[in-house]
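The values are calculated or read from the model by the stated rules, or taken from the named source; none is laboratory data. Note that the structure is a prediction, hence the values are computed from the model and not measured. Positions of Cβ are generated from backbone atoms using ideal geometry, with glycine treated the same way; all protein chains shown enter the neighbour counts.
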Amino acid sequence: MTATLTVSPAGELADRFWNWFLERQPLFATVYGVEHLDDQLYDPSAAARSAEKRALEAFQAEVGRLQGAAGLEAEDAITVDMIGVVTRIHLRLLEHAVHHIESIDQMYGPQALPGELSRYQRVDTPERIDRLLRRLVAYPAHLAAHRANLDEGVAAGRTAARTLLVRVIEQTRRMHDTPIDQAPLLAAHPDLPAEDRQRIADALATHVKPALAEHLAYLEAYQGHARDTDGVWAIPGGDDLYRTLILASTTIDVAAQELHDYGNEQLALIAAEQGEIAGQLGFADVAALRAALDADPVNTFGAAHELVDLAREQIERASAQAPRWFGRLPRATVEVKAVEAFQEAEAPPAFYVPPTPDGSRGGIYYVNTYQFENRPRHRLAATTFHEAVPGHHFQIALETELEDLPLFRRLGGRLAGIAYPEGWGLYSERLADEMGLYNDARERLGMLDAQAWRAARLVVDTGIHALRWTRAQSIELLRRVGLSQIEAETETDRYICWPGQALAYMTGMREIVALRRQLERRDGERFDLAGFHDAVLGHGTLPLATLRRELPGWVRPRPA
């Protein structure tokens, strides 16, 4: 006789919520290998937003009923809390009409969709190709709906920043002008049979290329409406919107000025550490050390593939050391790839794509090889340890493998803010130093530069969106903490595009470090660092308040 698994009311709610979210955001479903939605696109229309609001309000009401019920198990209570956090945040974002400006996005805007599909969508069977083709057929209407939202924003006097629009126009033109036989969807699958390649090429020629041409013409005309200011403070309701975006990233309600001040405090502390390294290496100050590193040909990559090769070697070393620092390791592997040409000029230095739950694809660590000669070698290690091992790959792959939790908890935790995962990534840079993974003082300086960069993000994000900083002020500060000119420009435009996102890194790390120090004091010599790491990663992504409340009860001291 086969036992029947009983799903708790909280688990049942989580399953319905997750399925609803995937239907609302089908590309997320593709990323996680949920193929039955592979022929659909996100609906940006007003009617879809109204339906989304009704659904969120209904889920919120169910959360209230469950939170008022007695006897919830601990994990069920966390699940319900998280759904409550997500619904509240998304309802507030709808109230702020973010659709007026969010389509102008050089990272994940609608113009980049065909390229994004090349990363995630499988085309190895006729049925999978059919699903891809239906998406491409729907692409012109998808772009048109985004343009309708931008028109609505123009009418309301709420338009995107010209800084971002310039990048989006450049990217759209590049996507349109790329010959079809070099399109990302074909370049990513060089072994496709000729007949299948032709079907995709025909769809690109018939549906995608004309749609991009129409969209490009619209964007060029939109330049007359774009705002010259970069911060969201400049649009009607911008101050309240920014407060909501801080909440969405961090899950805590905190004032911009407080985070701005904290970022400046951290910059001062990190600068002292950097000064110590400069002295150890015989330099009068950090500026002199950086100048020497910039002039050192050994610190410069000679070819794009060298970044990828070095990243792979760094992951191998980190993976070899990991069993001493973690009790549980992910089953999923991680692959290193270069960012594709269609997006490399706008992309950050690196990013991570999670594995599929069914194991059909491992995690992918993308490194940006664009203008490789301007990307210092000594800085790559900290990035690798943040994005891959022991950073995002460990955190996200382990989360995906928590089979006792609902899929919402395993795959959708980032909906409840990114301060936890990005805080873990930043913590991992420091942890890598404890693990002995940096080869020399120069790579340790690279780690401190990365830490200073995240502290500077607090200053820059709040500076641009609340304190009326200019783009030039942001670039100047990021250059001062060690970023190259191209990185400082790309990162500044990323912060302009995603208000509040850059706050999450240092805010999340602050919470993880504070909890570790608290438990080190509590347990003394019996503090179990591997057990601490397993506990931090063993329950999936959490709101910071939940992590603060629950983690001390999960961590046990080593036996006497």
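For this structure, a couple of remarks:
- Screening Asp196, Asp191 for residues that are in contact with a helix residue (DSSP H, G or I) (Cβ under 9 Å, 6 or more places away or on another chain) and either surrounded by fewer than 17 Cβ atoms within 10 Å (Cβ to Cβ) or in the same structural domain as Ala155 (by TED's automatic domain parsing) (or both) leaves exactly one candidate, Asp196.
- All conditions in (1) in contact with a His (Cβ under 9 Å, 6 or more places away or on another chain); (2) under 26 Å from Leu247 (Cα atoms) hold for Leu402, with the sole exception of (2).
- Hits in the range 100-149 (condition: among the basic types (Lys, Arg), at pLDDT 95 or above and more than 25 Å from Val166 (Cβ to Cβ)): Arg128, Arg131, Arg134, Arg135
- With a requirement of 3 or more residues that are more than 30 Å from Ala97 (Cβ to Cβ), the helices (runs of 4 or more DSSP H) lying completely within the range 155-252 that satisfy it span 184-187, 194-203.
- Scan of the range 262-277 for residues that are more than 27 Å from the chain's Cα centre (by Cα) and without any contact (Cβ under 8 Å) to a residue 24 or more places away in the chain, ordered by number: Ala272, Gly275, Glu276
- Unique residue being more than 16 Å from Ala211 (Cα to Cα), in contact (Cβ under 8 Å) with a residue 60 or more places away in the chain and touching a helix residue (DSSP H, G or I) at 6+ places or on another chain (Cβ under 8 Å) when the list is Leu164, Leu91: Leu164
- Test for Ala74: is it surrounded by fewer than 17 Cβ atoms within 10 Å (Cβ to Cβ) and free of Cβ contacts under 8 Å to residues at least 12 places away in the same chain: no
- Inter-residue pairs, beta-carbon under 7 Å, first assigned by TED's automatic domain parsing to the domain that holds Val339 and in the range 298-318, second of a type in the set (Val, Ile, Thr) and in a helix (DSSP H, G or I), 6+ apart: Ala311/Thr384; Gln314/Thr384; Ile315/Thr384
- Which listed residue, of Gln343, Gln371, Gln321, is surrounded by fewer than 18 Cβ atoms within 10 Å (Cβ to Cβ), at pLDDT below 95 and out of contact with any Pro (no Cβ under 6 Å at 6 or more places or on another chain): Gln371
Okay, residues lined up against (1) part of a helix (DSSP H, G or I); (2) of a type in the set (Gly, Ala, Ser); (3) at negative phi; (4) not assigned by TED's automatic domain parsing to the domain that holds Ala382:
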{"position": "Gly482", "(1), (2), (3), (4)": "no, yes, no, no"}
{"position": "Ala488", "(1), (2), (3), (4)": "yes, yes, yes, no"}
{"position": "Arg494", "(1), (2), (3), (4)": "yes, no, yes, no"}
{"position": "Arg521", "(1), (2), (3), (4)": "yes, no, yes, yes"}
{"position": "Glu525", "(1), (2), (3), (4)": "yes, no, yes, yes"}
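- Extreme residue, surrounded by the most Cβ atoms within 10 Å (Cβ to Cβ), among residues of the range 331-340 that are part of a strand (DSSP E or B) and touching a residue at least 40 places away in the same chain (Cβ under 8 Å): Val334
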